[in-house]
Amino acid sequence: MRNGGILPVQAIERLLKEGVILCERPLAPDQLQPASLDLRLGTKAYRVRASFLPGPRRSLSERLEQLSLHVIDLQSGAVLETGCVYIVPLLESLKLPKGLSAAANPKSSTGRLDIFTRVITDNAAEFDTVAEGYEGPLYAEISPRTFPSLVRTGSRLSQIRFRAGAMRRSESNLALSVDLEGQEGEPVGFRAKRHSGLVDVDRKDTLAVEDFWDPLWQRDSLILDPGQFYILASREPVCVPPDQAAEMVPFNPLVGEFRVHYAGFFDPGFGHRSGGGEGARAVLEVRSHEVPFVLEHGQLIGRLVYEPLTERPFRVYGEGIGSNYQRQGLKLSKHFRSFLKA
């Protein structure tokens, strides 16, 4: 085992047995990923007036008493409306020892639905960050941006990864650019339709693409409209070795006035194939900021940074574990059926 790095699945299993990770309900069989743990929504959602952080020396429950508008029961399912902010206590809590911290991010499918999701702890000064030695509950802040979303107790919108020691990024990184040329006769992206239907976050392969998305075809450039949500893909294939994990670097204001990739974590083995392979393209969840922005084919939109694991995982992404996006090209979330050109 290395001195530090991201913990693989077998190390997360040990944390569960040792009581470092606590669960209100038994763990689901597929909740453990190669280097992360899916987090589950609890029984209640609190509709709040605005996003917030509890800040030092304050619990999130204290802030909820001040900001909560009403409470929603999630046990039979409930619709989270677009433009609203919700706080949901999670079924998992933590009792981290010294030297172990954690970080969270939306799951890939969550990002591709434009559900803005962040994990919060008590006393937090940052989102999606769990300090070394933290003991206490976990909460999800959820704000659907494009599609009203049906969720329930046990729904998984976020994932958490654990880090031993300080961050140890590899020297290698991969610059990513956007592909607007694509393959002949295939869309190069999708733009979300306004005022579309409801998405059940727990149901796969049920929704017709044309009811929720407009396809975008080959072009030299694309004008991003403020308030619109786009699914695009990188030109470069991504291949994550089995002994490393990768993450999309957050939006860099020097690149342009838009945000790329809400769900930026890539599991070990993503795009990897024994004996080599061409990898998988990164799917880009894109939203412009305050002004229209012209995105050119081949324009740099970010970079992928790699971090070693403390040990090679017992299983990697795509090896018979129901991975939805292995060796993907342009791909919508798992909730949609395959796109068929008219």
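Considering region 25-68, and only residues there that are surrounded by fewer than 14 Cβ atoms within 10 Å (Cβ to Cβ) and acidic (Asp, Glu), the residue that is nearest to Pro106 (Cα to Cα) turns out to be Asp30. Scanning region 228-251 for residues that are among the acidic types (Asp, Glu) and either assigned to a strand (DSSP E or B) or within 12 Å of Ala280 (Cβ to Cβ) (or both) yields a count of 2.
Only one entry of Gly99, Gly111 meets the criterion of being in contact with a His (Cβ under 9 Å, 6 or more places away or on another chain), closer than 27 Å to Glu247 by Cβ and in the same structural domain as Leu157 (by TED's automatic domain parsing), and that entry is Gly111. Among the residues examined, Glu290 does not qualify as modelled with pLDDT under 75 and at negative phi. Here Gly136, Gly197 are screened, and the one residue that is surrounded by fewer than 21 Cβ atoms within 10 Å (Cβ to Cβ) and assigned to a loop (DSSP other than H, G, I, E, B) is Gly197.
Of the residues making up region 150-171, one or more are part of a loop (DSSP other than H, G, I, E, B), over 21 Å from the mean Cα position of the chain (by Cα) and hydrophobic (A, V, I, L, M, F, W, C).
Against the test of being in contact with a Pro (Cβ under 8 Å, 6 or more places away or on another chain) and farther than 22 Å from Ala192 by Cβ, the options Ala131, Ala50, Ala125 yield a single qualifying residue, Ala125. Can you find even one residue in region 132-153 that is basic (Lys, Arg) and under 29 Å from Lys204 (Cβ atoms)? So far as region 132-153 goes, yes, one or more of its residues are basic (Lys, Arg) and under 29 Å from Lys204 (Cβ atoms). Among the residues making up region 125-140, those that are out of contact with any helix residue (DSSP H, G or I) (no Cβ under 8 Å at 6 or more places or on another chain), in contact (Cβ under 8 Å) with a residue 40 or more places away in the chain and closer than 15 Å to Asp38 by Cα are Leu138, Ala140. For region 252-282, the tally of residues that are in a loop (DSSP other than H, G, I, E, B) and either at pLDDT below 85 or closer than 22 Å to Gln228 by Cα (or both) stands at 19. Here is the figure for region 215-232: residues that are closer than 27 Å to Val151 by Cβ and surrounded by 14 or more Cβ atoms within 10 Å (Cβ to Cβ) total 5.
Residue check: is Phe116 assigned to a strand (DSSP E or B), touching a Phe, Trp or Tyr at 6+ places or on another chain (Cβ under 9 Å) and buried (at least 21 other Cβ atoms within 10 Å of the Cβ)? Answer is no for this residue. Only residues that are closer than 9 Å to Phe147 by Cβ and at pLDDT 95 or above were counted across region 194-212, and they come to 3. Here Leu180 does not qualify as in contact with a Gly (Cβ under 6 Å, 6 or more places away or on another chain), within 23 Å of Tyr230 (Cβ to Cβ) and of a type in the set (A, V, I, L, M, F, W, C).
For Arg219, the conditions (1) in contact with a Lys or Arg (Cβ under 6 Å, 6 or more places away or on another chain); (2) modelled with pLDDT of 90 or more; (3) in a loop (DSSP other than H, G, I, E, B) are fulfilled apart from (1).
The values are calculated or read from the model by the stated rules, or taken from the named source; none is laboratory data. Just so you know, these numbers come straight off a predicted model, no measurement behind them. Cβ atoms come from the backbone with ideal geometry, glycine included; neighbour counts cover every protein chain shown.
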